[in-house]
Structure formats: C-alpha cells, structure tokens
Amino acid sequence: MADDRKPKEQQGLPEGWKWVRLGDILKYEQPQKYIVKSEEYDEKSGVPVLTAGKTFILGYVDENEGICNDLPVILFDDFTTDSRFIDFPFKVKSSATKILRARDESIDLFYVYNALQLIRLKPGSDHKRFWISEYSKMSIPLPPLPEQRKIAQILETVDNVIEKTEKIIEKYKRIKQGLMQDLLTKGIDENGNIRSEKTHKFKDSPLGRIPEEWEVVRLEEVIHSFAGGTPSREIPEFYNGGIKWLKSGEINRKYIYFTEETLSPKGLKSSNAKWVPENTIVIAMYGATAGQIGIIKDRMTTNQAVLALVIIDKQKVFYEYLYYSLSKFVSMLLSNLQGSGQPNLSKNIIDSLLIPLPPLSEQKRIAEILSQIDQAIEKEEKYKEKLERLKKGLMEDLLTGKVRVNKLLEGENHEMA
C-alpha cells in the first residue's frame, strides 16, 4: 500500500522548492532535563515554565539548573499537536511537551514553525506520541534558505503587529478592571471625579463602605427573572420559524443581536421559552459558560440554560449599569462557588445577589465610561482579527509558493551589490 505521507513530487511547486519530511529536517528531543519538579510557580519573575498550548506560560521558577538555552526551538505537544516557536530560555512542565530543533543550518526554524500551522491532524487519546507516529512523516514545501528567511521575516513582521495589538488589548482590559473596581464601589460625582472618603461621605453597607447616596438592593427587588425552554428536537416543525432562540453558549459578547437557531410559533408554544424584550440582561447558568453575561439587543426567546433579567423600574435601574455591576459581582460569586466541579448558577442564587445601586444619573455616567473602554477593546480586537486573517492568507500563499518573494530578494541583493 502506498504511503501518502511520503514526500510528493515537485508537481505544483516553484523551481528550486522541494517536498521534505519533517523528520528529515527536524530533530526530536525528550525534554527530561528541562522539566520542572515543583509546581509552585511565581506569577511574575524567574525562568518561564512553558507549554505548547494556549496557556503557554504556566508561571515562573527560580531554579537556574536545567534551563533550555540552546535556541531557537519549537515546542510540540504530543497530545494536542499544538506548537510554539521559542527563542528565550525556558523550562517545561511535562514530558508530553517535546522539543524540535533544525537538523542543520539550511533550515530556518521559524519558517518550519509556520509551515506546521498548515498541517491539520485531529488529536486523539489513541495517539500517545504524535511526533513519532504522525508528524515526523508528514511533508511540507521547502524553498531555498534565502526564501525561507524572507518568508519567515514577512510572517514575523505580522506576528509582531499582532503581539503589539494583544498588549494594547491587555492594557485596556487592565484599565477596565481597575475602573470597574473604583466605579462600582466608590462611584463618580457630577464633576467626573471618582469619590473618596476624603472628599465625600460614605456609609457602611452589607457590601462594605459605599457612597452615602447609594443603596444596596437584592436583585429580585429590581428585576423579574425567568429562564426559557427547548422544544422537542424530534419535531422538525418546531424549528426554523424565524423566532430568535438564544442558547447559553451564544452569550459570548456584550451585545447579542442574532441567534444560531430560530423557533416556529408552534415550537414557542410547545416549550417554556418566553419572549424576552430588547435591552434585557441574560446570564448563562450552567456548564463551561456559567456566569457569561450579555445584553440582548433584539426581541428573542431563550432556552432553559439562560436566565433573563427584566428590569422592573427603568427609572431606577439602567440596563448598561446592571450589566457591568453583574459582571463584577457574578464573577465574585462564581469564585466563591468554585469546588471540585464546574459551578452552576440558579434563579434563586441570582435573585438573592446583592448589588450596589447609585442614583440613575450616576449609573449612566458609570456605564458610559466603561462602555468607552469596551469600545476601545472591541476596536483593537477587530484589528487583531483582521491581522490574523491577513497572516492566514499570507501563510497559505507564501508557504506553498503560490506567491513568491523573489523580487524582494532580488531588490535586497541589488542594494547590497
């Protein structure tokens, strides 16, 4: 039987390019001597402890022995097939995180790292050693070293802009976190100044010291809450009828305009799903999304895992302020509920939640300030998404030879002549 993972013929590749197996150009290393024995990490300083996955930096340790200094390398996770290009000293936590190095100087490792991202292989528990069993046998297109370096340089330039954008997003998020702490405990006066006990009167409350003008309310005093329902999946005519139907997994952003599925009038009538008016706060109650909060911006229905909070008196509670207040206090509530499993919320838990309530005009000032930060974050996140689409397109073009960098190389050689 033919092995379809063998290097393909040069059909479709530019002149001078070739198909190579990853195992022929990369060395595989078990990271035994770099593994951290203790899991007591410092959050800020020391030698970074890395994974190849999304978490990336687990923490830092002070141990100076057994640090990987022979760089750069690619970290490869044998269980998830995630990979990371690393060019700074590090240690690792697990032997599942493998170290890959270039076999010789004809290979630009950053080029190969990006080529790895184009390989799609579904991970699974039946494969315990992905690099040996699968990835080392797979092939990538390899241009001459000057082209590898130029392609890597172009992709690195985009990566640097993405990284810079991520830092801006993180900065805005830190600013927002600090503002929420101040605005939702001290408030902001008519002159735009955050209150302090040196300049304003405060009082004791069940939530601690709060401005004298504020009150503390139980949520059920100011909202009417209810969950929805799910029509039988066995009856097709209950669905695709144009009535927006929100599931808890879709509460992943501040404003919610659309839903993945719709109900028919029969489906709505058959279930406990109820109409929820626009500008209503919704909270995911169960599972991995428990505690996610959003504001629906169009009339819709929900399933039973979504709790809708309809404001009773709009002259007393501003929905945008309620969104930010709940974002803070529900997060604190979930932290207290954390146990061995995934914490769940309920109507009773949410209804009994205490929140601080400033006068309506101050609620609007607080919400306006936090909304401006959210808009700045959203703008940068959209820019990051645009850059990621750009990089994906560049990778598909440059790493396959569809678009060449020859003219750029010729220009550089001409300038050096």
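The values are calculated or read from the model by the stated rules, or taken from the named source; none is laboratory data. As the structure is a computational prediction, the values presented were derived from the model and not from experiment. Reconstructed Cβ throughout: ideal geometry from the backbone, glycine too, with neighbour counts over all protein chains shown.
Among the residues of the range 320-333, are any in a loop (DSSP other than H, G, I, E, B) and surrounded by 14 or more Cβ atoms within 10 Å (Cβ to Cβ)?
Of the residues in the range 320-333, the ones in a loop (DSSP other than H, G, I, E, B) are none.
Within the range 320-333, not a single residue is in a loop (DSSP other than H, G, I, E, B) and surrounded by 14 or more Cβ atoms within 10 Å (Cβ to Cβ).
What are the residue pairs meeting all of these: first residue in the range 377-394, first residue among the aromatic types (Phe, Trp, Tyr), second residue surrounded by 15 or more Cβ atoms within 10 Å (Cβ to Cβ), Cβ atoms under 6 Å, and 6 or more apart or on different chains?
383/165
Which of (1) part of a strand (DSSP E or B); (2) more than 31 Å from the chain's Cα centre (by Cα); (3) under 28 Å from residue 327 (Cα atoms) does residue 220 not meet, given it meets every other one?
Result: residue 220 passes all but (1).
Can residue 107 be described as of a type in the set (A, V, I, L, M, F, W, C) and without any contact (Cβ under 8 Å) to a residue 12 or more places away in the chain? Before you say what the answer is, go through the steps one by one.
On the way: of a type in the set (A, V, I, L, M, F, W, C): yes; without any contact (Cβ under 8 Å) to a residue 12 or more places away in the chain: no.
It is false that residue 107 is of a type in the set (A, V, I, L, M, F, W, C) and without any contact (Cβ under 8 Å) to a residue 12 or more places away in the chain.
In the range 135-163, how many residues are over 23 Å from residue 98 (Cα atoms) and among the hydrophobic types (A, V, I, L, M, F, W, C)?
7
For the range 52-97, what are the residues that are of a type in the set (Phe, Trp, Tyr), modelled with pLDDT of 85 or more and closer than 22 Å to residue 26 by Cβ?
First pass over the range 52-97, keeping only residues of a type in the set (Phe, Trp, Tyr): 56, 60, 76, 79, 85, 88, 90.
This time we only want the ones that are modelled with pLDDT of 85 or more, so: 60, 76, 85, 88, 90.
Result: 76, 85, 88, 90.
Every residue in the range 98-119 that is in a strand (DSSP E or B) and modelled with pLDDT of 90 or more, please.
Passing the criteria: 99, 100, 101, 102.
I need the full set of residues from the range 50-67 which are within 15 Å of residue 37 (Cβ to Cβ) and in contact (Cβ under 8 Å) with a residue 24 or more places away in the chain, in order please.
So the first thing to find is which residues in the range 50-67 are within 15 Å of residue 37 (Cβ to Cβ), and the list is 58-67.
Of everything in the range 50-67, those that are within 15 Å of residue 37 (Cβ to Cβ) and in contact (Cβ under 8 Å) with a residue 24 or more places away in the chain turn out to be 58, 61, 63, 66, 67.
Please tell me if residue 197 is over 31 Å from the mean Cα position of the chain (by Cα) and surrounded by 12 or more Cβ atoms within 10 Å (Cβ to Cβ).
Details: over 31 Å from the mean Cα position of the chain (by Cα): yes; surrounded by 12 or more Cβ atoms within 10 Å (Cβ to Cβ): no.
So residue 197 fails the test.
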